[in-house]
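Comments concern the structure below.
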């Protein structure tokens, strides 16, 4: 796979090596942290060097949920040949997924929080005069942003979907808020988890700059966009609308798909104009472009003049591959982009009864997706009709971006949009019903053994 990231500084390399050497296994990141005394970053350059580890902070975004959604399928020989139990068992929604394997979707976010907490503690110890510097504000905002993003990824993977009636008692995730390797945490509640995510992001939004030098660094627009995604995931549609609008005030650019080359292997350029904050998903082997094929019903839902049909996909018959990643390669983009914000704003307005406003946003987006001169604006007679249309287009627009898992977890609560997922392998049918406990993935086996935290019911 082509690397998109710059060469790391020597300092970051040394820190990374020390951190790896101090842990016997990757899965020890929560239960056993590196000895912080081995290296102590002390100045702005040191802290920025930690954040420049883009492979850690921007690569390997959680993918276990995406592995379980219905946007793609694999054949029985491909599934049977997968080298890891995690891939095979996630695909068929088994109760025991990992069979003792290390779980990058758990390890990586907690490694991120360790780095962020180290930075935040170091910044807090700096002289008062240093805290007035622009670098101090940007570093603190960035560390808070990355910690919140890490907690959010863990929450929608390993904690129950947010329910305002039970969030205070449902088990969330361990919230590590310091870099002390001996300070182990039990699981916070779901309510406490999301309260922390939102608080960190709101403070980050105040501190972050409007513009950044590269899209792997968080900005004010990125913090607002992530807040919109978080609020949407917990069905707080008023705040999701507020932050989608405020992020679009800073960047509302949409690509005109008519300007792209559909014949290209990967039509979308890296860091394109819609990309607000760049992350990519874990490149599990099952997602290889020669193995994972697009659900045929989903593919047929794109009309002939819808350019997404030829820009997102290639192939024919039952072997349609996805090529439309904003990563510009065969790995999958997962960051917030402007199109997602248009869809979030449209959905929230539809839920508030603002049918015309909602459909206007949808049509502004889709006009950029259809062949020039062929698009006829969508209309809706009622807010309910608008919502159904918008949610259909949301799935089609954001396909393979990792958001489908979040949407299934919230939309399954509404009987109008609840779906039962089905896989068929070698004549055997596997089913994931709406609101199943299997929508909460198990905490890794080794983490339970080392820390003793509560396992999710399966």
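Overview of results
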quantity: Normalised contact order of the chain, rounded percent, pairs of Cα under 8 Å and 6 or more residues apart; calculated: 19 percent
quantity: All-pairs Cα distance distribution in the stretch 236-419, expressed in whole percent, bin size 10 Å; calculated: 9, 36, 39, 15, 1
quantity: Cα centroid separation - the stretch 317-343 against the stretch 181-217, whole Å; calculated: 25 Å
quantity: C-alpha long axis of helix 134-158 to longest principal axis of the chain, angle in °; calculated: 60 degrees
quantity: Nearest-ten-degree value, helix 355-367 long axis tilted from longest Cα axis of the chain; calculated: 90 degrees
quantity: Cα shape, the stretch 100-253, gyration tensor, a/c 1.5 rule; calculated: oblate
quantity: Alpha carbon Rg of the stretch 318-458, scaled by the compact-globule rule 2.2 N^0.38 Å; calculated: 1.30
quantity: Full-stretch length increase - residue 80, residue 382 - with 0.36 nm per residue and alpha-carbon distance subtracted; calculated: 104.0 nm
quantity: Among 303-313, 206-216, the order from most to least packed when residues are scored by Cβ within 10 Å on average; calculated: 303-313, 206-216
quantity: Using a Förster distance of 41 Å, the FRET efficiency for residue 132-residue 273 (Cβ separation, nearest 0.05); calculated: 0.75
quantity: Sorted peptide list for 236-247, 137-148, criterion being average Cβ within 10 angstrom, highest first; calculated: 137-148, 236-247
quantity: For the stretch 195-337, average projected area of the Cα convex hull in nm²; calculated: 10.0 nm²
quantity: Folded to 0 to 90 degrees: helix 104-124 orientation relative to the chain principal axis, Cα; calculated: 50 degrees
quantity: Cα-Cα separations in the chain greater than 30 Å, expressed as whole percent; calculated: 44 percent
quantity: For the chain, share of DSSP beta bridges that run antiparallel, in % to the nearest 5; calculated: 95 percent
quantity: For the stretch 269-296 versus the stretch 114-151, the gap between their alpha-carbon centres in whole angstrom; calculated: 30 Å
quantity: Proportion of all alpha-carbon pairs of the stretch 228-294 beyond 20 Å (%); calculated: 54 percent
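Read the figures in this text as sums done on the coordinates, not as results from a lab. A quick note: this is a predicted structure, and the numbers were derived from the prediction, not measured. Here the Cβ is made from the backbone with ideal geometry for all residues, glycine too, and neighbour counts use every protein chain on show.
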